[in-house]
Amino acid sequence: MGFHLTSKDYANYIRKAYRLIHEKGDYITELDSATGDGDHWININMGFEKLVEAANELEEMTVFEEFKKIGTIMMSVIGGSSGVLYGSAYLAAAKTLKEKETIQNENLCEVLDAMLQAIMSRGNAQPGWKTMIDSLAPAVQCYKDCILNQVDEKTCLSRVKQAAIDGAESTKDMEAVRGRATYQANKGVGHLDPGAVTMSYQIATLMDCVLEKL
């Protein structure tokens, strides 16, 4: 009963997430150019491109080893603060997967929560600051609530996906506390945060991949 994500499943998720992020290049760059320096998509796309190149290797590892390797690649390839944050997120998530053969429902919630805590700690940031956290945090809270209330997995995953998307959308009305948008007179109000949008792409794609396993 329930899903069991293998290393191969997660590698396939990486491939799908890369395709979506790659396709959205112009849109993400446009968002970033409005409030930042316009390089977010280049950095995140480059990171996922390297992950796809390593995907065949990743799918032969344990999930613990796979997440450690993903973290190492992201930290070394993605430029700017995103590389450190994503790298730290995956390395923290890997610790929750020690001695696990697959990722199941509660494991996946723990993985996302570990990522969230690592990003907040490493970036010294909080929800509401107009960052990628504003997509990830509501998704994690939604996941925890679903598990606590014993919501069936299909409904839970759909809700988590929507929470991530809605979270990214909510950044439009937020004032930036970090990054170049803080130097603008309106602190980026009226613009979506590109980091939150690309995070929502990843969470939505991951939830879709898991839904296919049910």
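Let's test this: bin the Cα-Cα distances of region 50-167 at 10 Å from zero up to the farthest pair and state each bin's percent.
Pairs per bin, as whole percents: 15, 39, 38, 8.
Rounded to the nearest 500 deg cm²/dmol, what is the calculated helix-only ellipticity per residue at 222 nm for the chain, with -39500 (n - 2.57) per DSSP H run of length n ≥ 4? Show your work: numbers first, answer last.
Values: 10 runs with 148 residues, N = 214.
Helix contribution divided over all residues of the chain: -22500 deg cm²/dmol.
Check the chain for me: any Cys whose beta-carbon has no other cysteine beta-carbon within less than 4.7 Å?
Cys109, Cys142, Cys209
Measuring from label point to label point, each 7 Å out along Cα→Cβ, what is the Ser76 to Leu148 span in nm?
Output for this residue pair reads 4.1 nm.
Say each of Thr155 and Asp39 gets a label point 7 Å from the Cα, pointing the same way as Cα to Cβ; how far apart are those two points in nm?
4.7 nm
Rounding to the nearest 20 debye, state how big the charge dipole of the chain is about its Cα centre with +1 on each Lys and Arg Cβ and -1 on each Asp and Glu Cβ.
It works out to roughly 320 debye.
Charges at C-beta only: +1 for Lys and Arg, -1 for Asp and Glu. How large is the resulting dipole of region 24-130 about its Cα centre, in Debye rounded to 20?
Numbers: 9 positive and 17 negative charges, 86 e Å.
The dipole of region 24-130 has a size of about 420 debye.
Rounded if a/c is under 1.5, else prolate if a/b beats b/c, else oblate: with a ≥ b ≥ c from the C-alpha gyration tensor eigenvalues square-rooted, which is region 22-86? Intermediate values should be presented prior to the final figure.
On the way: a/c = 3.54, a/b = 2.06, b/c = 1.71.
Prolate.
Residue separation times 0.36 nm, minus the C-alpha to C-alpha distance between Asp26 and Asn12: what's the value? Intermediate values should be presented prior to the final figure.
Values: separation 14, 0.36 × 14 = 5.04 nm, distance 2.40 nm.
So the chain would gain 2.6 nm between Asp26 and Asn12.
Work out, step by step, the length gained on full extension between Asn56 and Val177: first 0.36 nm times the residue separation, then minus their alpha carbon distance; give nm to one decimal. Walk me through the numbers before you get to the answer.
On the way: separation 121, 0.36 × 121 = 43.56 nm, distance 3.91 nm.
So the extension gain works out to 39.6 nm.
Please report, as a whole percent, how much of the solvent-accessible surface of region 7-213 comes from carbon and sulfur atoms (probe radius 1.4 Å). Before the final figure, lay out each step's value.
On the way: 4530 of 9530 Å².
Result for region 7-213: 48 percent of the exposed heavy-atom area is carbon or sulfur.
Just the accessible area per residue of the chain, please: how many Å² with a 1.4 Å probe? Don't jump to the answer; show the numbers that get you there.
Numbers: 10020 Å² over 214 residues.
Averaged over the residues of the chain, the accessible area is 47 Å².
Quick one: the Cα spread of region 7-213 along its three principal axes, in angstroms, biggest first?
For region 7-213, the Cα extents along the three principal axes come out at 50, 39, 29 Å.
Can you tally the net charge around Tyr10? Count Lys and Arg as +1, Asp and Glu as -1, for every other residue whose Cβ sits under 9 Å from the Cβ of Tyr10.
Values: positive: Lys8; negative: Asp9, Glu59, Glu66.
Local net charge: -2.
The values are calculated or read from the model by the stated rules, or taken from the named source; none is laboratory data. Quantities reported herein were computed from a predicted structural model and do not represent experimental measurements. Neighbour counts run over all protein chains shown; Cβ positions are idealised from the backbone, glycine included. With ligands, DNA and RNA removed, areas are computed over all heavy atoms of the protein, side chains included. Shrake-Rupley method; radii C 1.70, N 1.55, O 1.52, S 1.80 Å.
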